[in-house]
Amino acid sequence: MARIVGVEIPNNKRIEIGLTAIYGIGRSLAHVICDKAGIDYSTKGKDLTDSQVTALRNAIESTTKVEGDLRTEIHMNIKRLKDIHSYRGMRHIRRLPVRGQRTKTNSRSARGGSGSRRPIAGKKKAPGKK
């Protein structure tokens, strides 16, 4: 298995799909990286040579932030919003949807799941056979 940026690229998948195992890389960015490294999209992970892995590493480092650096940046942005008590920051603090989604009927997991709600109010269970 090829190890890039601390993540093992799957052997049996095409490289354009395998690169999406890296946090911060999706399909379109994987295409850009493959083009920059000069690698065909249909190449399997097990067929990569050492020079191709090095080219992929260089292309990823020059293109975007991935894995730990990206996670750190995202957490710092959220922390900044919380610290300045912006609307979005307060939604993060309260663990509610941040991007304008409705909360009356949806976002059950964010608002506490359905543990206290019953499908039919006060329905009695059928008595068991004796």
(Q) Residues that are modelled with pLDDT under 95, surrounded by 14 or more Cβ atoms within 10 Å (Cβ to Cβ) and in contact with a strand residue (DSSP E or B) (Cβ under 7 Å, 6 or more places away or on another chain): does the stretch 46-55 have at least one? (A) yes
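Please enumerate the residues belonging to the stretch 56-75 that are in contact with a strand residue (DSSP E or B) (Cβ under 9 Å, 6 or more places away or on another chain) and either among the aliphatic types (A, V, I, L, M) or surrounded by fewer than 13 Cβ atoms within 10 Å (Cβ to Cβ) (or both).
Initial filter on the stretch 56-75 (in contact with a strand residue (DSSP E or B) (Cβ under 9 Å, 6 or more places away or on another chain)): 56-57, 60, 66-67.
56, 60, 66, listed by residue number.
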Q | Any hit, the stretch 75-91, residues being within 14 Å of the chain's Cα centre (by Cα), within 30 Å of residue 31 (Cα to Cα) and of a type outside the set (Phe, Trp, Tyr) | A | yes
Q) Is it the case that residue 72 is under 18 Å from residue 5 (Cβ atoms), over 21 Å from the mean Cα position of the chain (by Cα) and at pLDDT 90 or above? A) no
(Q) Pull out all pairs, ordered by first then second residue, where Cβ-Cβ is under 8 Å, the residues are six or more apart or on different chains, the first lies in the stretch 51-65 and is closer than 20 Å to residue 1 by Cβ, and the second is β-branched (Val, Ile, Thr) and assigned to a helix (DSSP H, G or I). (A) 56/15; 56/33; 59/33; 60/33
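Conditions (1) more than 30 Å from residue 6 (Cα to Cα); (2) of a type in the set (A, V, I, L, M); (3) at pLDDT below 90; (4) exposed (fewer than 14 other Cβ atoms within 10 Å of the Cβ), marked per residue:
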{"position": "26", "(1), (2), (3), (4)": "no, no, no, yes"}
{"position": "30", "(1), (2), (3), (4)": "no, yes, no, no"}
{"position": "77", "(1), (2), (3), (4)": "no, no, no, yes"}
{"position": "91", "(1), (2), (3), (4)": "yes, no, no, no"}
{"position": "99", "(1), (2), (3), (4)": "yes, no, no, yes"}
{"position": "108", "(1), (2), (3), (4)": "yes, no, yes, yes"}
Q) Restricting attention to the stretch 13-37, which residues are in contact with a Gly (Cβ under 7 Å, 6 or more places away or on another chain) and either in contact (Cβ under 8 Å) with a residue 12 or more places away in the chain or not in a helix (DSSP H, G or I) (or both)? A) 13, 15, 18
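The values are calculated or read from the model by the stated rules, or taken from the named source; none is laboratory data. Computed from a predicted model, the values in this text were never measured in an experiment. Virtual Cβ from ideal backbone geometry, glycine too; neighbours counted across all protein chains shown.
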